[in-house]
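Shown next, in structure tokens, is the structure this report addresses.
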Amino acid sequence: MSLRLVLNHYLASLRERDELDVLLPELLEAMGHTVISRPQVGVNQAGVDIVSTFAEDGAHEEVFLWVLKFGDVGRPALVAGPHAIEPSVREACTDFAEHRLDAVRRALPKRVVVVSNGDLRQEAQALFTGLVDQIERHHRIRVEFWGASELTPLIEEHLFDEALLLGPAKSDLRAALAGLEDTEAAVHRFVRFVDGCLTATAEGELRTPAAHTRDFFRRCAAAAMGFGVLCVWGRTENNLKPGAIGGDYLILRLWAAAAARGLESEPAFVERFMAVLGAHLDSLDKYFGKVREALLSPRELVSYRPNHVFYTQLLFEELGRLATFLIALQYLDAPAAPRKGALGFLREVLSAHVAWRRPVLDEQSIDLALVCVALLRAGDDAVVRGAVQEWLHVLRWVLRKHEFLPVDSDLLEDAIATQITRTAAPDAFFENSSFVPMLGAVSALIGDEILFTQVRELQPSLEGVTLERWWPSVALETFTGSGLNLTAVGVSQTLDGFRTTAAEEAIACRQPSEHAAARIDFRWRGTPAEMLVAVSARLHRHPVPTWFISLAVEECARLRGMEPTPGGEGAGADVSAA
């Protein structure tokens with residue numbers, strides 16, 4: 001697999017705004033430039049998108065003025081239209097160079113570089129050469145053009161250099177790209193690539209703090225670039241799932257690495273993190289666009305996974321992914337259109353299938369909790385009440401029939417043994433439950449006394465079953481890539497039944513267990529990165545903290561301009577009616 005070929009594809013896919021203008025500053029810093037200013041939306045920059053300074057070994061410092069365009073540059077793009085290159089270059093050499101640089105930099109040699117992810121077409125080369133000669137003759141400023149053929153080797157040399165990636169990480173990226181037909185293998189190699197990027201060498205740890213920080217940001221840039229390449233090549237190979245899964249891991253790993261170094265609030269990291277998060281959400285949007293038709297067709301899903309256990313596994317996986325996508329959009333306060341689209345799609349999936357009403361594995365309560373959070377944060381508490389009612393109705397039935405019980409080992413082979421082949425007793429893997437406590441927490445937090453009473457009434461049928469509620473510790477923020485076991489970053493609390501009233505249970509859901517962390521203890525509290533709680537739950541398969549569900553209930557009340565309903569007026573709401 002030629003990395004240079006893949007990089008060419010990646011560059012060709014970039015747009016000027018939010019993509020090419022994010023890549024170029026990272027590349028310049030990796031090349032040794034000092035970036036003075038970056039692209040700004042809505043600001044008149046006199047033709048210049050980026051300003052940097054650079055000094056060759058033993059040479060004087062030089063000012064670089066970067067003009068960003070995208071696509072191949074022909075004669076029309078050079079001279080005509082509102083984004084024509086020639087006027088931008090002339091404005092950069094006059095207005096910007098003469099009036100927008102400080103006195104010190106105004107006296108330095110200057111160079112204007114037009115950067116594009118395409119190439120300079122032959123029809124425009126003579127005209128561009130004439131422009132270069134004019135500018136150099138009248139303004140003594142050099143003008144250059146950097147296209148894809150110039151950018152590709154620079155990216156490979158400076159962002160994917162062997163010293164930074166320690167050799168194997170670069171091979172892992174190549175292997176992930178070459179093996180995209182196998183989603184699991186591609187994700188595995190991409191995870192290794194990300195870990196290789198973000199793991200500093202022992203020598204790096206001994207350098208000055210400032211140098212160490214610069215090294216870390218370079219590694220972040222390499223990991224982000226690798227993700228972009230993975231997504232672009234995935235579209236080429238018609239497999240978007242590795243990018244959807246790999247993006248989850250990347251944003252968690254970036255935050256964990258930054259938090260471990262105390263850099264999570266540094267503006268330079270926040271800018272990079274938000275750019276990667278935006279790219280990940282864009283990849284998820286493309287992924288759901290591709291699978292939408294299939295996901296809304298139970299017949300098609302069953303034809304792909306004819307065994308009920310595997311069919312429900314796929315359904316819950318996609319429900320959790322879709323809910324997490326919507327939660328991320330909500331935390332980022334994304335425009336109304338994509339949030340409304342994701343919410344509508346989630347409702348459609350719930351209406352199209354019935355299998356979500358009976359989880360086969362206990363861990364699938366994680367995905368259901370995320371669905372509740374996403375709906376509540378959209379102000380849709382009526383649908384949540386209807387869903388809880390459905391879960392309770394089905395759960396009462398399976399407890400009465402004493403079969404099809406949620407498997408607490410979370411292993412598909414155990415589910416098959418108890419529910420398909422019947423080679424194991426129906427309750428052989430029903431000794432612990434996080435599903436029932438999740439139902440109790442949701443019904444209590446939304447203030448529905450009727451639903452909560454129904455949960456409490458299940459207790460006689462749950463004799464011998466341990467009810468567990470999980471609370472994270474602050475180590476959850478740095479868990480991804482740490483090599484630790486999940487038991488090291490949380491506390492599992494055994495419940496001795498439920499409180500008498502929904503209000504009392506809601507209070508318990510907001511108060512962490514001993515040795516666990518409160519929401520206020522996390523660095524991501526009150527920032528868009530708090531949505532990583534949902535991503536972590538879905539990817540690492542730990543229960544959703546009840547205080548996170550409580551936050552969704554508070555947001556629901558804010559959107560509806562009221563307190564959570566104390567009674568059960570919406571207890572029987574029809575999910576399909578949404």
Please give the charge dipole size of the chain, origin at the Cα centre, charges +1 on K and R Cβ atoms and -1 on D and E Cβ atoms. Round to the nearest 20 debye. 720
Restricting the stretch 297-365 to trypsin sites (Lys or Arg not before Pro) in coil, as DSSP defines it, with at most 12 other Cβ within 10 Å: none
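Antiparallel DSSP bridges in the stretch 1-156: what percent, to the nearest 5? Kindly include the intermediate steps, with their values, before the conclusion.
Numbers: 8 of 20 bridges.
Bridges in the stretch 1-156 are about 40 percent antiparallel.
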What's the angle, to the nearest 10 degrees (0 to 90), between helix 435-445's Cα axis and the longest principal axis of the chain? 80
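Quick one: work out the % antiparallel among DSSP beta bridges in the chain, nearest 5.
Numbers: 14 of 29 bridges.
Among the beta bridges of the chain, antiparallel pairing accounts for roughly 50 percent.
If you put +1 on each Lys and Arg Cβ and -1 on each Asp and Glu Cβ, how big is the dipole of the stretch 351-494 around its Cα centre, in Debye rounded to 20?
320
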Loop-resident trypsin sites (Lys or Arg not before Pro) in the stretch 448-554 with no more than 14 other Cβ atoms inside 10 Å, DSSP not H/G/I/E/B, are ARG525
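Counting every Cα pair in the stretch 457-536, what percent are over 18 Å apart?
Values: 1659 of 3160 pairs.
The calculated P(r) of the stretch 457-536 puts 52 percent of pairs beyond 18 Å.
How much area per residue is accessible in the chain when the probe is 1.4 Å and only protein heavy atoms are counted (Å²)? Let's see the in-between values first.
Numbers: 24340 Å² over 578 residues.
In whole numbers, the chain has 42 Å² accessible per residue.
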Residues whose modelled amide H sits under 5 Å from the amide H of ARG142, counting only those 5 or more places away in sequence or on another chain, are LYS110, VAL112
Of ILE549, THR418, VAL143, whose Cα points farthest to the positive end of the dipole of the chain (charges on the beta-carbon: +1 Lys, Arg; -1 Asp, Glu; origin at the Cα centre)? VAL143
With Rg and the Kirkwood Rh both taken from Cα atoms, where does Rg over Rh land for the chain? 1.04
Nearest 10 degrees, 0 to 90: helix 148-158 Cα axis against the chain principal axis: 70
Whole-Hz ³J(HN,Hα) for each residue in the stretch 354-363, computed from phi via Karplus 6.51 cos²θ - 1.76 cosθ + 1.60 with θ = phi - 60°, x for glycine and proline: what do you get? 10, 5, 5, 6, 9, x, 7, 10, 4, 5
What order, most packed first, do the peptides 73-81, 368-376 have when packing is the mean number of other Cβ atoms within 10 Å of each residue? 368-376, 73-81
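Quick check on the chain: helices-only [θ] at 222 nm, where DSSP H runs of length 4 and up contribute -39,500 (n - 2.57) each and the sum goes over total residues. Nearest 500, please.
On the way: 25 runs with 322 residues, N = 578.
Result for the chain, helices only: -17500 deg cm²/dmol.
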Cα shape, the stretch 297-560, gyration tensor, a/c 1.5 rule: rounded
Amide H neighbours of SER37 under 5 Å, counting only residues 5+ apart in sequence or on other chains, H built in-plane at 1.01 Å? VAL51
Please say if the stretch 1-125 is rounded, prolate or oblate, where rounded means a/c under 1.5 for a ≥ b ≥ c the square roots of the C-alpha gyration tensor eigenvalues, and otherwise the choice is prolate for a/b larger than b/c and oblate otherwise? oblate
What number comes out for the charge environment of PHE316, summing +1 per Lys or Arg and -1 per Asp or Glu over other residues with Cβ under 14 Å away? 0
Starting at the first residue of the stretch 526-541, write each ³J(HN,Hα) from the Karplus equation 6.51 cos²θ - 1.76 cosθ + 1.60 with θ = phi - 60°, in whole Hz, x for Gly and Pro. x, 10, x, 5, 5, 5, 5, 4, 5, 4, 4, 4, 6, 7, 8, 6
Apply the a/c threshold of 1.5 to the C-alpha gyration tensor of the stretch 91-178 and tell me whether it is rounded, prolate or oblate. oblate
Amide H contacts under 5 Å for LEU120, restricted to residues at least 5 apart in sequence or on another chain and with H modeled in the peptide plane, are VAL73
Between 0 and 90 degrees, rounded to the nearest ten: what's the tilt of helix 122-139 against the longest Cα principal axis of the chain? 60
For the chain, with the dipole built from +1 on Lys and Arg beta-carbon atoms and -1 on Asp and Glu ones, taken about the Cα centre, which of LEU370, MET531, HIS60 lies farthest toward the positive end? HIS60
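The values are calculated or read from the model by the stated rules, or taken from the named source; none is laboratory data. All values reported here derive from a predicted model rather than from experimental measurement. Neighbour counts are summed over all protein chains in view; Cβ atoms, including those assigned to glycine, are modelled from backbone coordinates with ideal geometry. Ligands, DNA and RNA are excluded from the accessible area calculation, which covers all protein heavy atoms including side chains. Shrake-Rupley method; radii C 1.70, N 1.55, O 1.52, S 1.80 Å.
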